[in-house]
Amino acid sequence: MASLLFRGMLTHPPILDCIPSLFSRNVCARYYRMGTITQAHVATQESQSSQLKIPPNARNNSLERLLKDYEAIIGIETHVQLSTLTKAFCSCPYNYGSPPNSSICPVCMGLPGALPVLNSKVIESAVRLGLALNCKLSFNSKFDRKQYFYPDLPKGYQISQFDIPIASAGYIELDLPLEFGGGHRKFGITRVHMEEDAGKLLHSGNGNYSQVDLNRAGVPLLEVVSEPDMRNGIEAAEYAAELQRLVRYLGVSNGNMQEGSLRCDVNISVRPRGQSEFGTKVEIKNLNSFSSVNRAIDFEISRQALLLSQGQGDQIVQETRLWEEGSQKTITMRKKEGLSDYRYFPEPDLPEVILTEEYVNKIRGSLPELPEMKRRRYEEMGLGMQDVLFLANDVRVANFFDAAIANGAEVKLAANWIMGDVAAYLKNEKLSIDEIKLTPHELAELIAAIKGGTISGKIAKEILFELMAKGGTVKKLIEEKDLVQITDPSEIEKIIDKVLLDNPKQLEQYRGGKTKLQGFFAGQVMKATKGKANPGLLNKILLEKLNS
Amino acid sequence: MLSTFQSPRSLSRLHLPLRPLKALSSSHRTAATTTTTSALIDQSPPPASSLSSQILSIRHSLLSRELTATQLAESCLSRLLLTEPHLNSFLHISDSVLREAQEIDDRLSRNEDVGPLAGVLVGVKDNICTADMPSTGGSRILESYRPPFDATAVKRVKELGGIVVGKTNLDEFGMGSTTEGSAYKVTSNPWDVSRVPGGSSGGSAAAVSARQCAVSLGSDTGGSVRQPASFCGVVGLKPTYGRVSRYGLMAYASSLDVIGCFGSSVADAGILLGAISGHDRLDATSSHRGVPDFSIHFTSADTFGAKPLEGLRVGLICETLDSGVDPGVTSAVHAAASHLEELGCVIKEVSLPSFSLGLPAYYILASSESSSNLSRYDGIRYGNQVAAEGLNSLYGNSRALGFGAEVKMRILMGTYALSAGYYDAYYKRAQQVRTVIRNSFKAALDENDILISPAAPSAAYRIGEKKNDPLAMYAGDIMTVNVNLAGLPALVLPCGFVEGGPTGLPVGLQMIGAAFDEEKLLKVGHIFEQTLQGPKFVPPLIASEVASS
């Protein structure tokens, strides 16, 4: 009997407790929430990238047509898992993927008599994100209990914030990718509040029982609720991507969607253009990448617009739908049976959250340059939007670029090298820019060496590869490998003379009219100089000699 | 075997000055003060005749080597076992008492320091977690549950040498005023075993009353320490909210719950409070305020002047002497007021117009919080789980069979009060009333040093008398709930008797102080206790045994 497996968490904490998996459909709707998220973690292995790779022409044409008559209203609720060392209300560490129930204590297990004590880093993270989202902060907020029963919720309530979120009424600015038409957007942020995560249910293969893993229970989250300002999939996906960029810039979360550190739930309704009241709202869950956000929304817009255009608007009901990656469709997960009553009330175990002007100013002063500011600054530096978006996308790349510029590298050249050879190397080696041996200073040196004519672009590529893989300095590599470009005309002349002398037959053919052989001679000179001859000088002198 | 037990009659009239217990001062009130505490403590025996304090008497016996901790423990245990069949104060009795006593004797024989509670047997209410004993909260749903940790208060008692003798009976999760609401047994009042000991800390009160242990811990959400103290004729101390860590106390109503102390004297209750008070990093609502050395006030009566409480302003809350109060109780309280007057106090009647609002506000707030706090008892991770077909039935069956009727009623009331559409009318309004009450107490305590009232409208009533009349039972909490709503400290101590039982039934006087001013309550209470004339508060159940020993 599965229920016999139940006992024993206290005596053997690492052992999973099992719950008879008798939750048939409708018995407990939340079951699906957890179940599907777990499944999706296994199923999707999409690469983690803030930039969408779907070309715009993949969007279906019927959608384009329908959208002439209908418009979608989209809002997003995002849960950002904070990367604090310990959980929100106890001193358990949290590490994604650690063995079930290996990071739990009386507090996050909800044992009788255990009490929550707030981790102050949670407030700091909330204030950082609140400020970065241009929000108004509540200097006097509090925690509330949100009450419902579910086996992954040990206390029978979630500690959250209800009527007074720590931050509200902000906005986020972003630039749409050029392949999607580009453009600058500003979307409203309704609120940011602090709460704790629930545990996870693991369901047995045969469906006879379920097990509870409380490692994630009590991990701090920030819930970010947007205004319903998005109108299509790409705007929504870019909103989420910008939010990810922001939390990574701020260092409050790793923003990893696959690990569930950034979870998006989308609310979407469609109405005929010109109509002022909203259509019926549908929620979409199980969105594990930005491209699934984009595709799920566009699918849902088509579905709803099609129903509306066929006079079947009544088939759009308030419900939660699930994005199925395999079939590229949304399917009904559960219909809303009226509003849930969570019986919120102020959490009596925690004091009010009081922020002082001084505390907030200190945090404000410590904020890094944020993505939007970076993009505007890069634009002012004269970079094109393509470059701006690429460089500002990843805070590590942006910091590398900024450091290279600070070391004197020319803006456009630095951008080209980073976006070209460096990016290609990172992609091939599956590394991030702070994992390679190349330093911004050496990139600046390398660019200076090319500009100063010390080395050729070709040699520079070789050196760059060496710098990325093994490290070292440009100066030393050039010296060690004797790679300094030969720019002394007399030296080049000497070598050319020798090449001409060594290849009398070819010289004869050239002079007989086979001028294509110029390339052969140039090659021989390069060979003899190990590529160090200045190409301009070489060709100039060679031509003179050949034609003399 | 009761040789070491001294009748309070003989203890009460000795007039030697007490040595102050420096050890229990605030200087070591941090979470990590385990082994160092005893080093700070005066290891010379306190004077032999230690007034009515059992704790000081035990300390004297140990440090003067007159008695061993084992002898003291054996004596107390034998009395416990003798009286327990009549009382049912305990849900669990520790099997390691004598071993722990032996450890103390071993330390003493090696001339090592022992803590100020060394050899003191402490009863612990069963809703306070103990790592080495079951902790059921008096509920079937936690039958045989053993917590993996000690409550902070228990941990501190143990660190100071106290021996937890067992877990005392209570109304399930502290919800009740008679201890009849326990899922396991009904506790009797030592003054009349056909009567209730009060509740919800009835087991802790009865155990101290019958000297089954020296002192005990209880919890007080709406009067659960003070009313049973009154019913059982012992001293009950409800500290200021935040004075004592709630970590390890099974939450009933988190914003009202406090761990409190029982003793057979004000000194004992005060010494125990000193031991468990202070900030705890595991309870965000515990106060950072320093804990004064309460024990400096526990001097003998011959150190008192003619008017030891000269000028102390005492407000008698007139709403507490209304028509609903037993005339015997009223006259005992008036007599107590006169006694205070003789001690130099200035007695004035004060009116708290919001007083009667306390009861409905309390029952809404306490029920609301309890409906949330008891959600964790779902049968999933610990406690009794009832097998079922489906998750909702699993929850339903486990809770239906695990909780008693009173608990279910409060969960239902609280769930209702917090529901959408009712929140404003109930929970929110009750919070507003709470603010009004807090302000009215604040004003009254600006005018007066302490306020006094009965601890309960009547003395102990019969078992079963109010079992089927919850409203009558709730009404009995009228004297105490306001104090919890205001978060104030209050001391209840026996002040007289009314007719009833074989030898009369004790009546308790409640003294209410300003927030974190337990010190004043203990000082006034001690002087009151030491100067009170008349028969002493030893229940007949053990008075005869003491006489025969």
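The values are calculated or read from the model by the stated rules, or taken from the named source; none is laboratory data. A quick note: this is a predicted structure, and the numbers were derived from the prediction, not measured. Every residue, glycine as well, gets a Cβ built from its backbone with ideal geometry; the counts of neighbours run over all protein chains shown.
The table below gives the values:
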quantity: Subset of the range B:411-422 that is in a helix (DSSP H, G or I) and within 10 Å of chain A (Cβ to nearest Cβ) - its residue that is surrounded by the most Cβ atoms within 10 Å (Cβ to Cβ); calculated: B:414
quantity: Among the candidates B:389, B:341, B:349, B:310, residue that is surrounded by fewer than 16 Cβ atoms within 10 Å (Cβ to Cβ), without any contact (Cβ under 8 Å) to a residue 40 or more places away in the chain and farther than 30 Å from residue B:448 by Cα; calculated: B:389
quantity: Meets criteria (assigned to a loop (DSSP other than H, G, I, E, B), modelled with pLDDT of 95 or more, over 21 Å from residue B:349 (Cα atoms) and not hydroxyl-bearing (Ser, Thr, Tyr)) for residue B:456; calculated: no
quantity: Tabulated pairs, the range A:270-283, first more than 10 Å from residue A:313 (Cβ to Cβ), second assigned to a loop (DSSP other than H, G, I, E, B) and among the acidic types (Asp, Glu), C-beta under 9 angstrom, 6+ apart or interchain; calculated: A:273/A:69
quantity: Any chance residue B:263 is within 14 Å of chain A (Cβ to nearest Cβ) and more than 17 Å from residue B:126 (Cα to Cα); calculated: no
quantity: Failed condition for residue B:240, given (1) surrounded by 24 or more Cβ atoms within 10 Å (Cβ to Cβ); (2) polar (S, T, N, Q); (3) under 16 Å from the mean Cα position of the chain (by Cα); (4) more than 19 Å from residue B:82 (Cα to Cα); calculated: (1)
quantity: Flag for residue A:225 being surrounded by fewer than 20 Cβ atoms within 10 Å (Cβ to Cβ), in a strand (DSSP E or B) and either on the phi < 0 side of the Ramachandran plot or not aromatic (Phe, Trp, Tyr) (or both); calculated: yes
quantity: Count of the range B:95-150 residues which are basic (Lys, Arg), surrounded by 15 or more Cβ atoms within 10 Å (Cβ to Cβ) and either free of Cβ contacts under 8 Å to residues at least 40 places away in the same chain or in a helix (DSSP H, G or I) (or both); calculated: 3
quantity: Within the range B:372-410, considering residues that are in contact with a Phe, Trp or Tyr (Cβ under 7 Å, 6 or more places away or on another chain) and more than 11 Å from chain A (Cβ to nearest Cβ), the one farthest from residue B:184 (Cα to Cα); calculated: B:407
quantity: Residue check, residue A:327 in a helix (DSSP H, G or I) and not β-branched (Val, Ile, Thr); calculated: no
quantity: Unmet criterion (only one of (1) within 20 Å of residue A:436 (Cβ to Cβ); (2) of a type outside the set (S, T, N, Q); (3) in a helix (DSSP H, G or I)) for residue A:472; calculated: (3)
quantity: Test: residue in the range B:270-284 that is in a loop (DSSP other than H, G, I, E, B) and either aromatic (Phe, Trp, Tyr) or more than 14 Å from every other protein chain (Cβ to nearest Cβ) (or both); calculated: yes
quantity: From A:493, A:462, A:442, residue being in a helix (DSSP H, G or I), over 36 Å from the mean Cα position of the chain (by Cα) and free of Cβ contacts under 8 Å to residues at least 60 places away in the same chain; calculated: A:493
quantity: Number of positions in the range B:214-237 that are within 14 Å of chain A (Cβ to nearest Cβ), under 8 Å from the mean Cα position of the chain (by Cα) and among the polar types (S, T, N, Q); calculated: 1
quantity: Tally, over the range A:139-158, of residues that are at the interface with another protein chain (Cβ under 7 Å from one of its Cβ atoms) and either buried (at least 21 other Cβ atoms within 10 Å of the Cβ) or touching a residue at least 12 places away in the same chain (Cβ under 8 Å) (or both); calculated: 7
quantity: Sole residue being assigned by TED's automatic domain parsing to the domain that holds residue A:472, basic (Lys, Arg) and modelled with pLDDT of 95 or more, chosen from A:375, A:364, A:343; calculated: A:375
quantity: Test: residue in the range B:490-502 that is over 29 Å from residue B:344 (Cα atoms), surrounded by 24 or more Cβ atoms within 10 Å (Cβ to Cβ) and among the hydrophobic types (A, V, I, L, M, F, W, C); calculated: no
quantity: Check on residue B:329, under 24 Å from the mean Cα position of the chain (by Cα) and at pLDDT below 95; calculated: no
quantity: Count of the range A:413-438 residues which are in a helix (DSSP H, G or I) and surrounded by 14 or more Cβ atoms within 10 Å (Cβ to Cβ); calculated: 13
quantity: Flag for residue B:363 being out of contact with any Ser or Thr (no Cβ under 8 Å at 6 or more places or on another chain), within 14 Å of chain A (Cβ to nearest Cβ), part of a helix (DSSP H, G or I) and of a type in the set (Phe, Trp, Tyr); calculated: no
quantity: Residue match in the range B:440-455 (condition: out of contact with any Phe, Trp or Tyr (no Cβ under 9 Å at 6 or more places or on another chain), over 25 Å from residue B:324 (Cα atoms) and without any contact (Cβ under 8 Å) to a residue 40 or more places away in the chain); calculated: yes
quantity: Only one of A:114, A:126 that is out of contact with any helix residue (DSSP H, G or I) (no Cβ under 8 Å at 6 or more places or on another chain) and within 14 Å of chain B (Cβ to nearest Cβ); calculated: A:114
quantity: Hits in the range A:159-192 - residues which are buried (at least 21 other Cβ atoms within 10 Å of the Cβ) and without any contact (Cβ under 8 Å) to a residue 60 or more places away in the chain; calculated: A:161, A:165, A:167, A:170, A:187, A:189, A:191
quantity: Residue, farthest from the other protein chains (Cβ to nearest Cβ), within the range A:337-374, restricted to residues that are of a type in the set (A, V, I, L, M, F, W, C) and over 30 Å from residue B:413 (Cβ atoms); calculated: A:373
